Structure formats: structure tokens, C-alpha cells
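As C-alpha cells, the structure follows; a few thoughts come after it.
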Amino acid sequence: IFKVFGVVLTLFAFSGEVLAADNIKVGISAAFSGPAKALGNGIKSGIELYFAEVNKAGGINGSQLELVALDDSYEPKKVGPNVRQLIDDKSILAILGNVGTPTAVVTVPIVNEKKIMLFGAFTGAGLLRKNPPDRYVINYRASYAEETAAMVEGLLKSGIKPEEIAFFTQNDGYGDAGYKGAIAALKAKGFNKAGSLAHGRYERNTVNVEDGLGAILDSDIEPKAIIMVGSYKPCAAFIKLAKEELPEVKFLNVSFVGSRALAKELGDKGDGVIVTQVVPHYDSDLVAVKSYKAALKNYAKNKIPDFVSLEGYLLAKVFVEGLKKSKTPLTRESVIDGVEAIGKLDIGIGVDVNLSAKDHQASHKIWPTVLKNGKFELLEW
């Protein structure tokens, strides 16, 4: 404890550095501009909502939570410098909620090398879900493999044959992750020709979807369902075009698409579009959802509920539970130990989450939804 100009400051050691203990700072690099900005802004807003609640209640042992946000526009070439900038700020305890798989491809090696936790990234890619897990990568959400497996299970249950399924994916690690998960699910069902199914692609941060649609239309078998792994603008553009040629086909999207943004882009063309979610519906009466909506009214009256900001809120809630279990002084290592000590936890979503040194994915739950009259409803396959 030092007294400087009559003010008492408490300092503690942090990864070899000395930090002021007034705020607990965490960082995020995500898309706050560009075609995927609804996702980055949604996650950021959800994290800030929960932090605002905690701060109003006195913070963590008197320390206020602070989120330091840097924009990467969903571009891998921008995320590396952003993450290094956050890490070089020795007051940053951890990185939360980064958005996307192509950006995670860059981020994961950096956090492993620099020994700082990446928690709750907004991606279901397998590269963040190794077995045994990377110490410095801890997830909140279910994986893309689990989402696409749920899609395959639902489609087959509804009477669609494996050979009647096609794919439309972003041409990068994100698209690959979802596609490989669905292929693995089909093979697990005994369908050995999954690799020959029609597969159209598009380039990240574009809406150049025509070639991808053409690849699907050229298939020998007309699809009855198209599993999509992309972001909302290109997926909406694809659905609008594809409905002209395939009016009866089912369109299925993974959660990363951004449901509310997708519905807005589709307008009156969205009825029947399916999106698997990794958080409960924002209109449910679950305890955590009620708390989230109350936080919106208290701290963000101009924002409306959606799945993305709800995910940010929930991942922040789990992270804070880890902070509470962390030994003091807080360091980049002690906070990981705290998160791993969470174990089984009821956060109010109807199922327990679980984290440990051996399990770095809190939730495995999928909630399928379908778009009707501009609103998403829970779907029973």
C-alpha cells in the first residue's frame, strides 16, 4: 500500500507487473463495423449489461468491471494486432467474447503463447475445443458440430433423406467447421456418401452468393434442405435467390448467423427459415432471461432483446462466477483456476452449465427456432 499525494493506492503483482486494483479490466476484439457488426455489437452489449449489474451491486470485492473493446471488422488481419495490443496492456485480465472462427484461427495461438484466457468466444469451431482442452481457451456455447448434428437429427426425423440435404457455407474455417460437423453427423447415421452432397460457398464479408447457389442447383438431386453456415447478409441474399428456384426447400442456419439481423434482412421472405440457438429464447420465462430483460430496461432502454446479446450476458455471468472463485490477487493464471473451479452451475437457463480443468465448454444445449411472421419461435422437429 502506497500513499501518493494523500491518496492511498493498493497495488498487487500481476504476471510480473504491478497494477492498480481499482478496476478489473477485460478485453474484446470483435466486428463493430462491416457486414458482421450486429454480432460484435450484440456480444459487447450483452457483456456490458451484466457488468453494469455487477458494478451497481458493488463490483467484485469493491472493484468495478470494465470492458476494453477493439474493432476487427471480422477480419483475421486486424484481430492479431488487436489481441496483442490488449495483451500488452498488463492491466487486461482476460479476453472475452471475441467473434468468429477465422479470427479465432489467429487469436488462439496468440493467447496460448502469451498465456492469457480467451473466454466465451462467439464461435462453435472445433479449433477452440481440443481434447484435452487448451488451458487458455474456455468456451461458453455449444459447438457447431453439436448444432449441425441437431439439424441432421431433426431433418431425418421429419422425413428428409440424407441425399436430399445440401450445404451453403462461408469459404473459410467457420464454414468448414459447420460443414464437417454435419458430415460427421450424417456418417454417424450410416450415410457414407455425405462427402458427395451438393456444397455451395461464398467469400467472407461479401454477398457474392450466386456461384454457391449455382453449385447446388447443378446437383443431380434437388435438395429438400440446405444447411447454411454463414453470416446474416450473405445468408439472407442466398435464401432470397434460392427461394425463386427451390420454393419448398428448408433453410437451416447455425446460431452465428445472427437471428434478428437475418430476419430483418429477409423481410417477408423469411417464413420457415430455421436457426439453431445456443441460448434460450429471449421471450422465455427462465430466470436468466428475465434478469437479462430487466437489465436491458435498466441500462439499455433503446435496445431490444435478441439471442446474440443474451449470449454475451450469459457468458459474462459465468465469467464473473469464475472471478468470484479466483484466489487473490487476481492474475491471468488465477482467474483461469477460478473459472475451472466453477464445476456444475445453475445460471437460470433451465439446464446446468459445467466447467472444470478437463471440460472447457460450459454449455452443450441447443434450442432450435423457426422464423414465422418476422419472429422466431421455438421449433419442435
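Where strands (runs of 3 or more DSSP E) fall entirely within the stretch 1-61, those with at least 2 residues that are over 23 Å from residue 326 (Cα atoms) and modelled with pLDDT of 95 or more are at 23-30. Residue 328 fulfils the conditions (1) surrounded by 15 or more Cβ atoms within 10 Å (Cβ to Cβ); (2) part of a loop (DSSP other than H, G, I, E, B) except for a single criterion, (1).
The residues on offer are 193, 189, and the sole one that is among the basic types (Lys, Arg), within 25 Å of residue 380 (Cβ to Cβ) and open to solvent by 40 Å² or more (accessible area, probe 1.4 Å) is 189. The set of residues in the stretch 331-358 being open to solvent by 50 Å² or more (accessible area, probe 1.4 Å) and either touching a strand residue (DSSP E or B) at 6+ places or on another chain (Cβ under 6 Å) or in a loop (DSSP other than H, G, I, E, B) (or both) consists of 333, 341, 344, 346, 350, 351, 352, 354, 357, 358. Scanning the stretch 256-307 for residues that are touching an Asp or Glu at 6+ places or on another chain (Cβ under 7 Å) and open to solvent by 10 Å² or more (accessible area, probe 1.4 Å), we see that the one that is farthest from residue 54 (Cα to Cα) is 260. From the list 95, 60, the lone residue that is under 16 Å from the mean Cα position of the chain (by Cα) and closer than 21 Å to residue 337 by Cβ is 95.
On inspection, residue 153 does not qualify as buried (at least 23 other Cβ atoms within 10 Å of the Cβ), among the charged types (D, E, K, R) and out of contact with any Leu (no Cβ under 7 Å at 6 or more places or on another chain). Taking the stretch 64-91, which residues are among the polar types (S, T, N, Q), assigned to a helix (DSSP H, G or I) and either open to solvent by 40 Å² or more (accessible area, probe 1.4 Å) or farther than 22 Å from residue 312 by Cα (or both)? Once the filter is applied, which keeps residues that are among the polar types (S, T, N, Q), assigned to a helix (DSSP H, G or I) and either open to solvent by 40 Å² or more (accessible area, probe 1.4 Å) or farther than 22 Å from residue 312 by Cα (or both), the stretch 64-91 yields only 85.
The values are calculated or read from the model by the stated rules, or taken from the named source; none is laboratory data. In this text the structure is predicted, and so the values were computed from the model without any measurement. We place every Cβ from the backbone using ideal geometry, glycine too, and count neighbours over all the protein chains shown. These accessible areas exclude ligands, DNA and RNA; they are computed on the full protein's heavy atoms, side chains included. Shrake-Rupley method; radii C 1.70, N 1.55, O 1.52, S 1.80 Å.
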